Amino acid sequence: MRIYRPDHSLFPYSERVVSSSPRTTDIETTSGERASHAEGREFIVLMIALMACGAIAIDLLLPAFPDMRREFGMDPDSTQVSWLITSFFLGMAFGPWLYGPASDRFGRRAPLAAGLCLYIAAGVAASFAPSWKWVIIIRFVWGVGAAAPRSLSTAMIRDRYEGTQMARLMSMITAVFLLVPIFAPSIGAGLVAILPWRAVFWFPSLIGAILLIWTRRLPETLDPANRRPFTWRAVGSAGREVLSTRQTVVYGIATTFLFGVMTTYLSGSEVIIEDVYDYGVWFPLIFGVIAVVFALNSLNNARLVRTHGIEALVRRIVFVGTGSSILMLIVAFSGDGRPNFWVFCIAVALLIPIAQGLAPICNTAAMMPVPHIAGTASALLLTVTTAGGSLLGGLGSSAFDGTIQPFALYVVGYFAVATTLIIWMTGRGRITN
């Protein structure tokens, strides 16, 4: 089996090294001709942009919520607009099963292009939707389209990288990806200020069109030797292999609970800052500052994983995260569930970035044993983590009682489940490459 990866570093990748070893890098095409590759830096930037498609289609819309409520006759404080997010996530959870198995048969490029076309068309269609019902339906379809760049970018990274290199790259990509929530709402606010509010649907489609053109420079990353038949039997066989690979299953479940920590924070932080602390007007700034902490933590993980390796880094993060969890509980149960605002912010800035930073490393560990079915594995993992994490986040945010205690209990509980699985798995032996 041939693994596509750079020969010396993450960045220079204009050729592949030929070897018969199953774990060495092969850069010649099957016909013996050298493939034309975008440079490694361009590949990384493109992967970041593809992964950011979903976030752009969500965060850009937030400033237009008041206009949507007026347009569709909702109350000023109506929560119906949250269905724009929910339906999109449901589409993203369903979509990978259209692209993952197909990409294991036909390669990554064709399904990626199909998904981007659907992403573009759905954005345009949403801007012309005549009713709220149609907006929600189209948002589901839009999420299906967004699932292609999200899931296939992970598969393409697995095609070309493995082990600590993959973990480092995923952490770097996550760090830049986390900057999207800082800038996207401001861009959306600018669009709403100078254009009709439906421009927030057009802009992601424009981004998708640019990416569709850009991906024409992307080489096919799937080794022809790893292509699988696109039949129900083959897909079922690949799915069973994923579900029978203990490392993939355990780290996949851990990633789901870590995503549950993040979705609980994303869906519950606004109401806490508004209702508990009455700082709603400052929420975008507070949210942005914590997002910067997320990004810095991911960049630090990218540096540490190179020097310490995945297993040592995971153990260290779990140790620090356990201490941060204890601090979060102490803070949550002080002051009758309404502790000092800045103390609460410090507790959040310690625990949530740790959970977020651990997620791409666990996702890497889950993908490592199944490079030959990376498309199907990526599809299954994205479906489980997105749907499961969204459900866990919904449970956590719905428990709000006017204090931060339910929030703290849920995020600490989810983190505890994830870290228990990680500790159990690392205690059973080394992570398989």
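Here, each number is a calculation from the coordinates, and none is a lab measurement. What you are looking at is a predicted structure, and each value in this text was computed from that prediction instead of being measured. Cβ sites come from the backbone with ideal geometry, for glycine too, and all protein chains shown count toward neighbours.
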- line: Computed Rg/Rh for the range 32-227 (Cα atoms; Rh = Kirkwood radius) stands at 1.01
message: Compute the distance from the alpha-carbon center of the range 383-413 to that of the range 241-299, in whole Å.
response: 10 Å
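Calculated FRET efficiency, A114 and V320, Cβ-Cβ r, R0 35 Å, to nearest 0.05?
For R0 = 35 Å, the calculated efficiency reads 0.25.
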The range 252-300 - convex hull of alpha carbons, volume per residue in Å³: 74 Å³
- request: For the range 237-433, state the average projected area of the convex hull of the C-alpha atoms over all orientations, rounded to one decimal in nm².
  value: 10.7 nm²
task: Take each of the peptides 324-331, 378-385, average the number of other beta-carbon atoms within 10 Å over its residues, and list them starting from the highest.
output: 378-385, 324-331
statement: Cα pairs beyond 18 Å in the range 201-271, in percent, come to 71 percent
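Round to the nearest 0.05 the FRET efficiency obtained for I194 and L409 when R0 = 45 Å and r is the Cβ-Cβ distance.
0.55
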statement: Extension length gain for I330 and S237 (0.36 nm per residue less Cα distance), in nm, is 28.7 nm
